[in-house]
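Following: one structure in structure tokens, then a few remarks.
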Amino acid sequence: MEIQSCGAAREVTGSCHLIQVAGKKILLDCGLIQGRAKDEARNRDPFPFDASKLDAVVLSHAHIDHSGRLPLLIKSGFTGPIYTHTASAELCTTLLKDSAYLNYKNTQWENKRRQRKGKKPLQPLYDRDDAAKALGQFKSIDYGQKTEIVPGVDIRLSDAGHIVGSSIVELWLKEDKLQRKVVFSGDLGHRGTAILKDFTMIDDADLVLMESTYGSRLHRPWQETWDEIDQIAADIRKKPGNVLIPAFSVGRTQNILYMFARNYEKWGLQKWQIFLDSPMAIEATDIYLRHHKLYDKEAAQFWKDKGSLMGMPNLKFSRSSQDSMAINKIQNGAIIIAGSGMMTGGRIKHHIKHNIWRSNCHLIVTGYQSHGTMGRKLVEGAKSIRLWGERIRVKAKIHTIGGLSAHTDQKGLMDWYGNFKSRPPVFLVHGEADTMEVLKAKLRGELNAPAHIARTGVTIDLNNLDQYKDTE
């Protein structure tokens, strides 16, 4: 009985953990490695296990760094079931097909470069047919539903509060007379965020796998974020023009729309045309609206009172490229929400090209911008940017909103682990190495927790947990 981390060990993306028990092999997540080109090239490496010998996969949630290699797993011979929450299965229908399309387009671009250098062309990691095959193997389950997925392995999903359908995974493992309970946190959400409930507290486990994305930092109080947004809204009313909001399609976009609906009159939004210009975000929004039973009390009451969580009479969904291009004829009074969140691709780049040089344009940054991205350059005060070979001056006002992260912070992680009745060994995953070291020290120092950092390929022996119970 053992666990091996095959991804997201001392890094954030590529979540993948293999459990072996009683002759069965269960995979927790199968995510795409994202980031620098040399990191993403590792997605082409063979899996460190025989995919055809896997008995089942359990998916914590739909984000591509957790689900994005599932079609590749199927291509490699996996034929078993993929268990996940109903809402996650629905989101994967959109996200995996989009991922397949992006893989295809990126490979086309890379092959042009390789051709010029006389190198052999690459094949896409997978295509939409592979994504469709993966989706055909999904088995949807709801929160709180204890399910036997193979003989000797039961699971139960609980709300992780990260995106709709995101799950904490409890696993009960049996091998001969030995029984163990493993809890995998998945990605834990930022407490108090809009729409979703806070993450579920679990109180018993023999071993915990816990994410550590923000294990070294604390989020600002929510009131500071709301005050900041109120001030931005006031600034825009003083100098109205088009407003651009780059946003991630799943989670952030829906939170923004809900925030708009709740403050519709306060922020004077009835005077604007509001566009959601992203087919994937539109599909994700439809899924969020279908799963109103997962809302927190405030959002559930708003949905009950208004009949919709994000309904506004001047909200328009721009599905086609023609719809998107028509928006660029508007020079004043449009609020445009579009991907990508870091402005590295998608329709937002076209809107930036048509608006960023206007002094009455406002660009609202709602999330972290990685080094090297156009979003990061704009946040850092770039006077000009280059788009499609053209140098464009930046005259727009750039607003940055902090505090909207979808991940919990160090305190949230400490509170979640601290709720376990005993102090089970905890292995940190899904985080940068330096961040993990900070959280490990915090867990050991304040909670006397036997905290460790998972390492790729290193086996955690569930038969002998005493070896992991040191706290020094």
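Taking Ala9, is it assigned to a helix (DSSP H, G or I) and in contact with a strand residue (DSSP E or B) (Cβ under 7 Å, 6 or more places away or on another chain)?
Here the answer is no, as Ala9 does not meet what is asked.
Among Val183, Val164, Val153, which is buried (at least 20 other Cβ atoms within 10 Å of the Cβ) and in contact with a His (Cβ under 6 Å, 6 or more places away or on another chain)?
Val164 is the lone residue from the list that is buried (at least 20 other Cβ atoms within 10 Å of the Cβ) and in contact with a His (Cβ under 6 Å, 6 or more places away or on another chain).
State yes or no: is Ser249 of a type in the set (S, T, N, Q), under 24 Å from the mean Cα position of the chain (by Cα), modelled with pLDDT of 95 or more and over 17 Å from Ala261 (Cα atoms)?
no
Could you give me the residue pairs with C-beta distances under 9 Å whose first residue belongs to region 300-322 and is under 24 Å from Lys197 (Cβ atoms) and touching a residue at least 60 places away in the same chain (Cβ under 8 Å), whose second residue is β-branched (Val, Ile, Thr) and assigned to a loop (DSSP other than H, G, I, E, B) wherever it lies, and which are 6+ apart or on separate chains?
Leu309/Ile195
Which of the residues spanning region 19-36 are on the phi > 0 side of the Ramachandran plot and buried (at least 18 other Cβ atoms within 10 Å of the Cβ)?
Asp29, the sole residue that qualifies.
Determine whether region 271-290 contains at least one residue that is crowded, with 21+ Cβ neighbours inside 10 Å, of a type in the set (D, E, K, R) and in contact with a strand residue (DSSP E or B) (Cβ under 6 Å, 6 or more places away or on another chain).
Yes, region 271-290 contains at least one residue that is crowded, with 21+ Cβ neighbours inside 10 Å, of a type in the set (D, E, K, R) and in contact with a strand residue (DSSP E or B) (Cβ under 6 Å, 6 or more places away or on another chain).
Show the residue pairs meeting these rules: Cβ distance below 9 Å; 6+ apart or different chains; first residue within region 364-390 and under 22 Å from Thr253 (Cβ atoms) and in the same structural domain as Ser249 (by TED's automatic domain parsing); second residue of a type in the set (Asp, Glu) and modelled with pLDDT of 90 or more.
What qualifies is Gln369/Glu380.
So which strands (runs of 3 or more DSSP E) stay within region 328-396 end to end and still have 1 or more residues that are under 21 Å from Thr285 (Cα atoms) and modelled with pLDDT of 90 or more?
The qualifying strands (runs of 3 or more DSSP E) are 334-338, 362-365.
Among the numbered criteria (1) closer than 19 Å to Val365 by Cβ; (2) assigned to a strand (DSSP E or B); (3) basic (Lys, Arg), which single criterion is violated by Arg180?
(1)
Can you name the residue in region 412-467 that is polar (S, T, N, Q) and surrounded by 15 or more Cβ atoms within 10 Å (Cβ to Cβ) and is also farthest from the chain's Cα centre (by Cα) among such residues?
Filtering region 412-467 for residues that are polar (S, T, N, Q) and surrounded by 15 or more Cβ atoms within 10 Å (Cβ to Cβ), the one farthest from the chain's Cα centre (by Cα) comes out as Thr456.
Go over the candidates Met210, Met259 one by one and state the one that is of a type outside the set (Asp, Glu), closer than 30 Å to Glu437 by Cα and outside any loop (DSSP other than H, G, I, E, B).
After ruling out the rest, the residue left standing is Met210.
Among Ile348, Ile335, which is the only one that is crowded, with 21+ Cβ neighbours inside 10 Å and under 19 Å from Ile232 (Cα atoms)?
Within the list Ile348, Ile335, the selection yields Ile335.
What do you reckon, is Leu73 in a helix (DSSP H, G or I), touching a residue at least 40 places away in the same chain (Cβ under 8 Å) and out of contact with any Phe, Trp or Tyr (no Cβ under 8 Å at 6 or more places or on another chain)?
When the stated conditions are applied, Leu73 does not pass them.
Identify, from the list Pro71, Pro48, Pro81, the residue that is buried (at least 18 other Cβ atoms within 10 Å of the Cβ), more than 20 Å from Leu207 (Cβ to Cβ) and either of a type in the set (D, E, K, R) or at pLDDT 95 or above (or both).
Result of the check over Pro71, Pro48, Pro81: Pro71.
Being more than 22 Å from Ala131 (Cβ to Cβ) and among the hydrophobic types (A, V, I, L, M, F, W, C) is the filter; apply it to region 6-25 and report the residue that is modelled with the lowest pLDDT.
Per the criteria, the residue is Val12.
I'd like to know if region 400-418 contains one or more residues that are farther than 27 Å from Asp29 by Cα and part of a strand (DSSP E or B).
yes
The values are calculated or read from the model by the stated rules, or taken from the named source; none is laboratory data. Fair warning: this is a prediction, and the values are worked out from it, not measured in the lab. Please note: Cβ atoms are built from the backbone with ideal geometry, for glycine as well, and neighbour counts cover all protein chains shown.
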